[in-house]
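Colleague: Sharing a structure here in structure tokens format.
The values are calculated or read from the model by the stated rules, or taken from the named source; none is laboratory data. Worth saying up front: this structure is predicted, and the values here are computed from it rather than measured. Backbone-built Cβ (ideal geometry, glycine too); neighbour counts: all protein chains shown. These area figures cover heavy atoms from the full protein model, side chains too; ligands, DNA and RNA do not enter into them. Shrake-Rupley method; radii C 1.70, N 1.55, O 1.52, S 1.80 Å.
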Amino acid sequence: MDLISKEFNGLTFILDETNLTAQVGYSPNANGDIFIPHSIIYNFKEFVITSIKEGSFENNGKISSIQFSEDSEVRSFEKGSFSNSTIKSLTIPPKLEDFQKGWCDHTSNLYQIIISPHNKNFFYLDNEKQMIVGKSNKDSQFDV
């Protein structure tokens, strides 16, 4: 597997040339309102973004929000993705399946999580949008 690390607009992407996929990697230069597109182009090839890697925005004191394209293929927020960051608002992309343990540890500024209306894996349990319910596996009922 050939992996390349490239930075675009303050975001670092780990590119897998074999599968033509990308992951958001450690991005200490990311700041403000972040938009993560469906894919990026590098060397005339399209790389579809599939996950937020472990520690991608950890200890980042400059980010405010993260949104994803409506056709996002991001399926996982890995361990510590947003830990100790200043993120205030986060959108859950349509195909997200997995929040790994500790994905948002110590994110005291995170006050708004918006679930894409197209996401079939998570929903708000109450009208106040204070509790998100998910599935332990994609074939189960909402149970976690």
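Colleague: Set the Förster distance to 22 Å, then compute FRET efficiency between Ser65 and Asn43 from the Cβ-Cβ distance, nearest 0.05.
Modeller: Between Ser65 and Asn43 the formula returns 0.15.
Colleague: What's the magnitude of the charge dipole for the chain around its Cα centre, counting Lys and Arg as +1 and Asp and Glu as -1 at the beta-carbon? Answer in Debye, nearest 20.
Modeller: Rounded to the nearest 20 debye, it is 200 debye.
Colleague: Still on this structure: Could you please report the charge total around Ser5, scoring K, R as +1 and D, E as -1 over all other residues with beta-carbon less than 14 angstrom from its beta-carbon?
Modeller: Result for the neighbourhood of Ser5: -2.
Colleague: Oh, and also: Could you check what % of the DSSP bridge pairs in the range 44-133 are antiparallel, to the nearest 5?
Modeller: Around 15 percent of the beta bridges assigned by DSSP in the range 44-133 are antiparallel ones.
Colleague: Provide Leu90, Leu3 ordered by accessible surface of protein heavy atoms (probe 1.4 Å), highest first.
Modeller: Per-residue accessible area, sorted high to low, gives Leu3, Leu90.
Colleague: Under a point spin-label approximation (7 Å from Cα along Cα-to-Cβ), what is the Arg75-Lys6 distance to one decimal in nm?
Modeller: 2.3 nm
Colleague: With contacts defined as alpha carbon pairs under 8 Å and 6 or more residues apart, what's the relative contact order of the chain in percent?
Modeller: Dividing the mean separation by the residue count of the chain yields 15 percent.
Colleague: May I ask you to order 112-120, 48-56 by the average number of other C-beta atoms within 10 Å around their residues, highest value first?
Modeller: Result, highest mean Cβ count within 10 Å first: 48-56, 112-120.
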